[in-house]
Amino acid sequence: MIHTKFNTTPYRDALLVEARGLEWLRRFLPEEKVSVPEVVSADERQLQLTEIRPTVNCSSELAIALAEGLAAMHRVPQPYFGFSENNYIGLNPQCNERYEDWGSFFVEQRLLAQVKMIRADAVRGAYNARLAAVRAVLVEYLNAQCRQASLVHGDLWSGNMLCDTQRVWLIDPAVYFADREVDVAMTEMFGGFPKAFYRAYDQALPLSQEYPRKRVIYNLYHALNHYNLFGDGYLSSCEQGFAVLENL
């Protein structure tokens, strides 16, 4: 069966970059652990994919399979930070210029890019100043805490993980090459994945000792993105992220 997804975004290439992102996941995720919809066809108007018929909840066994598959993908080193093309995070553009160091990439292509999108002059000015004040320390910290670039899903919240009776699926990627812990961090942003997922991931590819702090820093990107998309309800999450930056 085929599922057809129509382009309801303002971006003509949205479905094309999504299709290429899915193919990257299919290339690096072990298919015996994690399934990715096969792209049948893609153009500017529609994307045809393998149809998924999810059940309500993912079992512990499938959560473990996802963790092990994700760890296998993350274990493969990639040549730089960024990606071969820009794509989208939700309904906002996601810039993926090539960088040799993770800290500079994350500050400039993730945090600063979102701050520049803020429409409220006062908020944008304040966040820009606060980010500038911590930039050097943050870049140094992130570079010290990242061993390699890994392919990441990029938008790994619970809504992009689907399970049927036999398989766990990943959909709607925003792929790039990054510190692998950005993926794990985002799984915790909206309620979290099953506990079995975190135990299995940490066993397969242990999280760093700094992960609890990095989780807040990495999710600041998504908090800023949600603030830009949905408004003031996400300002408190942004403030929490900046507070961590200012205490490095």
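FYI, it's all coordinate maths here, none of it is from the lab. None of the values given here were measured: they were computed from a predicted structure. Cβ coordinates were reconstructed from backbone atoms using ideal geometry, including for glycine residues, and neighbour counts include every protein chain displayed.
Computed from phi, the 3J(HN,Hα) profile of region 107-124 under the Karplus parametrisation 6.51, -1.76, 1.60 (θ = phi - 60°) reads 5, 7, 8, 10, 6, 5, 4, 6, 4, 5, 7, 4, 7, 6, 4, 5, 5, 4 Hz, with x in place of Gly and Pro.
For the chain, state the average projected area of the convex hull of the C-alpha atoms over all orientations, rounded to one decimal in nm².
Here the figure is 12.8 nm², rounded to one decimal.
Name the longest site-free stretch of the chain, where the excluded sites are trypsin sites (Lys or Arg not before Pro) in a DSSP loop with no more than 13 other beta-carbon atoms within 10 Å. Segment 148-248 is the longest. For the chain, averaging the sequence separation of C-alpha pairs within contact (under 8 Å, six or more residues apart) and dividing by the residue count gives a relative contact order of 22 percent.
Evaluating 6.51 cos²θ - 1.76 cosθ + 1.60 at θ = phi - 60° for every residue in region 40-53, the Karplus couplings come out as 8, 7, 8, 8, 5, 9, 8, 10, 9, 9, 4, 6, 10, 10 Hz, glycine and proline recorded as x.
Along the Cα→Cβ direction, 7 angstrom out, place labels at residue 158 and residue 43. What is the inter-label distance in nm? According to this spin-label approximation, the distance is 3.9 nm.
Length gain on complete extension for the stretch residue 232 to residue 203, per 0.36 nm per residue less the alpha carbon to alpha carbon distance?
Difference between extended and current length: 6.6 nm.
For residue 88, the amide hydrogen comes within under 5 Å of the amide hydrogens of 94, counting only partners 5 or more places away or on other chains and with H modelled in the peptide plane. Judged by a Cβ-Cβ distance under 4.7 Å, the unpaired cysteines of the chain are 95, 146, 238.
Around the amide H of residue 52, modelled in the peptide plane, lies no amide H under 5 Å away from a residue 5 or more places distant or on another chain. Backbone amide hydrogens, once placed in the peptide plane, bring residue 149 within less than 5 Å of 78, excluding anything fewer than 5 places away on its chain. A straight line joining the Cα centroids of region 179-226 and region 4-37 runs 22 Å.
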